[in-house]
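The values are calculated or read from the model by the stated rules, or taken from the named source; none is laboratory data. The shown structure was predicted, so the numbers you read here are calculated from the model rather than taken from an experiment. Heads up, the Cβs are rebuilt from the backbone with ideal geometry, glycines too, and the neighbour counts pull from every protein chain shown. Each accessible area value is taken on the protein alone, full model and side chains, heavy atoms only, with ligands, DNA and RNA left out. Shrake-Rupley method; radii C 1.70, N 1.55, O 1.52, S 1.80 Å.
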Amino acid sequence: MRNLRSIDIVCQVLDNYGDVGVCWRLARVLALDGLAVTLWVDDLARLQRLRPSVDILRDQQSLDGFTLRYWSAHVAPDPAADLVIGAFGCRLPEASLQRMATRKPAPVWINLEYLSAEDWVERSHRVPSPHPRLPLVEYFFFPGFTPQTGGLLREPDLLSQRASFDASERALFLSNLGVSVPFNSLLVSLFCYPSAPIESLLNMMQSGPPIICLIPEGVTPLAPGAGEKITRGALTLQGIPFLSPDDYDRLLWSCDLNFVRGEDSASRAQWAAQPMVWQLYPQHQQVHLHKLEAFMARYCAGLDEPGHTAWCEFSRWWNADPNCSPDWQAFMRALPVLKLHANRWQQRLAANRALGSALVEFAREIG
């Protein structure tokens, strides 16, 4: 059993804000356990959008209880911790690996993979991969939705904060955003990739029921600016600022339906226990549709008709399945059932180990 005291997380920013968002959350969670955490990031500007206090001109600084360091093609990370985590297939530079190999004992080296519900993830979780030349072993660690995976990332108090977020806190939060929700109107948040059929969705929303759709700035040129509104039929589009991660959680808690994308916002939407539609990262030859089907098979377990059909058909369409034609009104009628199901799903996820503690426990076991 290794006495784990320090952790280095190496992040190469590839997917908008998702990669760096997950790594920032992970660093913050691990630092709460009293561990000395260093987050190496190759794009400080992207992290600054999430955490405005980040100084992009400084190569090293303190942030949210951990140390933030910049790395580039010219300045490789210098991992000196007991545990080194390469996030999302990030290939550590040769110089970094050479330094790791000279340490006695060598650090635990983990490749934190992307989130997927596919069956092969459970078989690949915690599998070792010896380096072909150096005395190092890389272990693959998969987030996931079952006890046979690493679970989802969450803070120790996240669920209690969500449970205590009552109507008065919701009203105050929305008021600070300049949002008012008329009686009998649904509140929807929209965060998606540009490839999503946004215009078609907005046209559907105009047919009712009454909807206030909140869109953070930068998501789509079809949205009004922050603080501005556009009304089209039963739909009111309202632009809001790009929120901090903690405020984005509150937005998800506040809405009756959340459109989310990638990994970070999708995970947070599942902890929000509200109906959601997930746009997976679009992949060549529509590989993402296979991942969507795997997720739907797990997520829909126990979901009765007509919610099952309405949600699955709409999710497939939103992810560019050419064989699907959504029924917006059927989807709207299913929202009460989907709300109950989202709450049950959150409870199932909460029964699994949280990703941060699962990572640390595994590193101590193999160390």
Subset of the stretch 120-131 [open to solvent by 20 Å² or more (accessible area, probe 1.4 Å) and either closer than 27 Å to D249 by Cβ or at pLDDT below 95 (or both)]: H125
Go through the residues of the stretch 214-230 one by one and say whether even a single one is over 18 Å from the mean Cα position of the chain (by Cα), closer than 20 Å to P275 by Cα, modelled with pLDDT of 95 or more and crowded, with 16+ Cβ neighbours inside 10 Å. yes
Output the residues belonging to the stretch 271-287 that are open to solvent by less than 30 Å² (accessible area, probe 1.4 Å) and either among the small types (G, A, S) or in a loop (DSSP other than H, G, I, E, B) (or both). A272, A273, Q274, P275, L280
Among the residues listed as H308, H290, the single one being exposed (fewer than 15 other Cβ atoms within 10 Å of the Cβ) and part of a helix (DSSP H, G or I): H290
Members of the stretch 253-270 that are crowded, with 23+ Cβ neighbours inside 10 Å and of a type in the set (F, W, Y): F259
Considering only residues that are in contact (Cβ under 8 Å) with a residue 60 or more places away in the chain and within 14 Å of R28 (Cα to Cα), which ones fall in the stretch 46-71? L50, R51
Looking only at the stretch 311-327, count every residue that is open to solvent by 70 Å² or more (accessible area, probe 1.4 Å) and farther than 19 Å from L257 by Cβ and tell me the total. 3
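So that you can scan it fast, the table gives a plain yes or no per residue for (1) open to solvent by less than 10 Å² (accessible area, probe 1.4 Å); (2) assigned to a strand (DSSP E or B); (3) touching a residue at least 40 places away in the same chain (Cβ under 8 Å):
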site	(1), (2), (3)
A73	no, no, no
D78	no, no, no
G89	no, no, no
S96	yes, no, yes
M100	yes, no, no
I110	yes, yes, yes
S116	no, no, yes
L134	no, no, no
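Per-residue answers, yes or no, for (1) surrounded by fewer than 20 Cβ atoms within 10 Å (Cβ to Cβ); (2) touching a Gly at 6+ places or on another chain (Cβ under 9 Å); (3) farther than 22 Å from L136 by Cα:
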{"site": "D8", "(1), (2), (3)": "no, no, no"}
{"site": "V13", "(1), (2), (3)": "no, no, yes"}
{"site": "V20", "(1), (2), (3)": "no, no, yes"}
{"site": "A27", "(1), (2), (3)": "no, yes, yes"}
{"site": "L44", "(1), (2), (3)": "no, no, yes"}
{"site": "L47", "(1), (2), (3)": "no, yes, yes"}
Go through (1) small (G, A, S); (2) more than 17 Å from the chain's Cα centre (by Cα); (3) modelled with pLDDT under 95 one by one and return the number of the condition A310 breaks. (3)
Before we move on, is R154 of a type in the set (D, E, K, R), open to solvent by less than 60 Å² (accessible area, probe 1.4 Å) and touching a Leu at 6+ places or on another chain (Cβ under 8 Å)? yes
Subset of the stretch 311-346 [polar (S, T, N, Q), part of a helix (DSSP H, G or I) and either closer than 22 Å to L201 by Cα or free of Cβ contacts under 8 Å to residues at least 60 places away in the same chain (or both)]: S315, Q329
Under 18 Å from D264 (Cβ atoms) and of a type outside the set (S, T, Y), is that true of Q161? yes
